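J.: Here it is, the structure, as structure tokens.
The values are calculated or read from the model by the stated rules, or taken from the named source; none is laboratory data. Nothing here was measured: the structure is a model prediction, and the numbers come from that model. All Cβ positions, even for glycine, are placed from backbone atoms using ideal geometry, and neighbour counts span all protein chains on display. With ligands, DNA and RNA removed, areas are computed over all heavy atoms of the protein, side chains included. Shrake-Rupley method; radii C 1.70, N 1.55, O 1.52, S 1.80 Å.
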Amino acid sequence: MIDFIINPHSRSGAAGGIWERTKRILDELGVVYRVYRTEYPGHASRIAEQLTRGESGKSGRRIVILGGDGTVNEVVNGLAENVSATLAYIPTGSGNDLARSLGIIHDTNHLREAVEKILHPSRYRLLDYGEVSTNEEKKRRFLVSSGIGFDAAVCHNLLHSKAKTVLNKLHLTKLCYIAIGVKQLILTKPVDGQLQLEDGRMIPLKRVAFVSAHIHPYEGGGFQFAPGADCEDGKLNLCVVADTGRLHMVPVLLASMAGKHTRMKGVKIFRTGSATVRLEAPRPVHADGESCGVCREMRVSCVRRKIRVIV
């Protein structure tokens with residue numbers, strides 16, 4: 001038995017059609033499965049918690065997620081502690097940064113190949129996950145990245161963007177990311193702060209644009225803010241962009257699409273097991289693109305090799 005958690009609203013509703021195609025493939029192959037459709041934000045977490053409750057130490061349950069990075073985040077947050085469930089992923093989101101990092105098929109023209117790989121897996125990976133907490137929200141897991149400042153402001157804006165829905169349907173999602181990015185470049189004001197690393201170092205920060213903590217290299221639909229991130233090393237890669245003006249942020253962001261920004265002015269990369277960012281004024285915080293509120297402080301840490309995924 002395979003459990004499918006489906007977000008039919010992913011990619012502005014296109015995921016519903018992708019699921020119907022997936023279902024036909026499963027039925028042709030005689031696969032026994034159960035389907036759980038999400039109906040509201042946070043529902044995937046509740047479904048995952050119900051599926052894995054009381055299964056500590058057991059193995060064998062396979063959960064397939066059909067949705068975007070946000071749906072994967074919800075499922076990971078719903079998994080009961082010490083559960084040995086195996087996750088698989090059919091990406092139908094706008095960004096698909098997890099799939100990009102892991103090399104998971106996210107071209108729906110190859111849907112049958114993706115389904116066959118899930119049904120007959122030949123390769124698994126045990127992935128790290130991160131934990132983020134703020135003064136406003138309890139600890140939340142993230143599988144790709146978490147951040148405070150400009151990148152989180154873009155994520156918050158995208159979550160409520162009507163333009164994203166329209167552009168998704170026109171297959172112009174990247175244009176929406178760019179437009180909202182420009183808007184937030186204008187609106188987001190730099191703020192001073194401090195970064196504390198796992199080894200006790202206290203690093204003063206001036207005019208912080210954003211600090212992002214990465215398990216995987218990408219976020220925001222392909223921005224490679226942490227090109228050296230390794231999802232199995234038990235460490236976070238922090239990308240700190242500070243002490244730079246709005247105009248300089250443009251070449252930084254452009255260079256980050258190829259991971260070529262790390263030696264540019266105002267950019268610093270740190271590798272650490274945990275870190276705390278404290279700012280002098282509140283800024284948006286995200287976990288895998290999902291809102292964690294607006295806060296002055298973000299605490300992040302890495303949990304090593306706990307999420308088993310078919311790749």
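J.: Write down the accessible area per residue of the chain in Å², having rolled a 1.4 Å probe over the full set of protein chains.
T.: Numbers: 13930 Å² over 311 residues.
For the chain, the solvent-accessible area averages 45 Å² per residue.
J.: Now a separate question. Top mean-square fluctuation among 44, 88, 258, Gaussian network model of the chain, C-alpha springs under 10 Å?
T.: 258
J.: Run the dipole for the chain about the Cα centre, Lys and Arg Cβ at +1, Asp and Glu Cβ at -1, nothing else charged, and hand back the magnitude in debye, nearest 20.
T.: Details: 44 positive and 31 negative charges, 76 e Å.
Around 360 debye, computed over the chain.
J.: Carbon and sulfur together cover what percent of the accessible area of segment 17-80 at a 1.4 Å probe radius? Please list the in-between numbers first.
T.: Values: 1410 of 3050 Å².
The computed percentage sits at 46.
J.: Taking the chain as a Gaussian network, where each spring joins two C-alpha atoms under 10 Å apart, which residue of 182, 191, 277 fluctuates the most?
T.: 182
J.: Which whole-number percent is the relative contact order of the chain (Cα, under 8 Å, 6+ apart)? List each step's numbers first, then the result.
T.: Numbers: 712 pairs, mean separation 65.5, N = 311.
About 21 percent, as a whole number.
J.: Can you tell which of 289, 54, 13 shows the greatest fluctuation in a Gaussian network model of the chain with Cα springs below 10 Å?
T.: In the Gaussian network model the winner is 54.
J.: If you don't mind, another one. For segment 135-151, what does the Karplus curve 6.51 cos²θ - 1.76 cosθ + 1.60, with θ = phi - 60°, yield as ³J(HN,Hα) per residue in whole Hz, taken in order and with x for Gly and Pro?
T.: With the stated coefficients, segment 135-151 comes to 6, 9, 9, 5, 4, 10, 7, 9, 9, 10, 7, 9, x, 9, x, 4, 5 Hz.
J.: Find the centroid of the Cα atoms in segment 227-250 and in segment 182-196, then give the distance between the two in whole Å.
T.: 14 Å
J.: Further question on the same structure: Taking the Cα atoms of the chain, report the difference between the largest and smallest coordinate on each principal axis, in whole Å and largest first.
T.: Here the spans come out as 59, 44, 32 Å, largest first.
J.: Okay, moving on. Quick one: net charge around residue 39, please, counting Lys, Arg +1 and Asp, Glu -1 for every other residue with C-beta under 13 Å from its C-beta. Please report the intermediate quantities before stating the final value.
T.: Details: positive: 37, 46; negative: 74.
Surrounding charge for residue 39 is +1.
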